[in-house]
1. Hey, in the GNM for the chain with a 10 angstrom Cα cutoff, which one of Lys12, Lys27, Lys59 fluctuates hardest?
2. For q = 0.20, 0.22, 0.24, 0.33 Å⁻¹, what log10 I(q)/I(0) does the range 85-129 give under the Debye formula with an equal point scatterer on each alpha carbon and no solvent?
3. Please list, in chain and number order, the residues 5+ apart from Met50 or on another chain whose amide H is under 5 Å from its amide H, with Hs placed from the backbone.
4. Given the Cα-Cα distance of Ser92 and Lys125 and 0.36 nm per residue of separation, how much length would full extension add, in nm?
5. Name the shape class, rounded, prolate or oblate, that the alpha-carbon gyration tensor gives for the chain, where a ≥ b ≥ c are the square roots of its eigenvalues, rounded holds for a/c under 1.5, and otherwise prolate holds if a/b is larger than b/c and oblate otherwise.
6. Output the DSSP H helices from the chain with an along-axis C-alpha extent of no less than 20 Å and a mean Kyte-Doolittle hydropathy no less than -0.5.
7. Picking from Gln33, Gln15, Gln56, which is most flexible by a Gaussian network model of the chain using Cα springs under 10 Å?
8. Considering only protein heavy atoms and a 1.4 Å probe, what is the carbon-and-sulfur percentage of the accessible area of the chain?
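The values are calculated or read from the model by the stated rules, or taken from the named source; none is laboratory data. Worth saying up front: this structure is predicted, and the values here are computed from it rather than measured. When we count neighbours, we look across all protein chains shown, and the Cβ atoms used for this are built from the backbone with ideal geometry, even at glycine. Keep in mind that these areas ignore ligands, DNA and RNA; they rest on the heavy atoms of the full protein, side chains included. Shrake-Rupley method; radii C 1.70, N 1.55, O 1.52, S 1.80 Å.
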Amino acid sequence: MATKREFFQALKANQSLILVGETGSNKTTQIPQFVLDAVDLETPDKYKKMMIACTQPRKFAVMSMACRVAEEMDVTIGEEVSYTIRPEDCSSSKTALKYLTDGMLLREAMTDPLLERYRVIILDKEEVR
C-alpha cells in the first residue's frame, strides 16, 4: 500500500499512472482530491485556468460522485467541483475538478484535440470480469 506522499512522487515523475484498488476503496472520490492537492492548476496566462477531469462510464455515477466530492470538500457543486453530462453542463470558471462521462470527454476532444484545458485526466473504469 502506497502512501499519499509516494502517490504525489509517482504523479510528478510519470506521464501516466495506472492505479488498481478494491471496489469500495473510495478511489473515485479520493484520488481526484489527491491530484487536486498535488498539481498546480495555474498557468502563465492568468485568464486561463487548468482543470482536472475524472471520467465515469455512466451519467448517474458522474452526478453522484461530483456531489459527494463537493460535499467532502465543503464546496458548492458547480463551482470548484462540477460535472458535465449530456445535455447538462454544471461547470463554471471556478471549476478545478470536473466529473464527466467518457462520451463528453470525447466530445470535448473533437473541438480541442489536445484537451489543453486539463492538467490531469483520470479515466475511471469499472472492473470487467
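1. Lys12
2. -0.76, -0.90, -1.05, -1.44
3. HN-HN under 5 Å from Met50: Thr43.
4. 9.3 nm
5. Since a/c stays below 1.5, the shape of the chain is classed as rounded.
6. 59-73
7. Ranking Gln33, Gln15, Gln56 by mean-square fluctuation puts Gln15 first.
8. Carbon plus sulfur share of accessible area: 53 percent.
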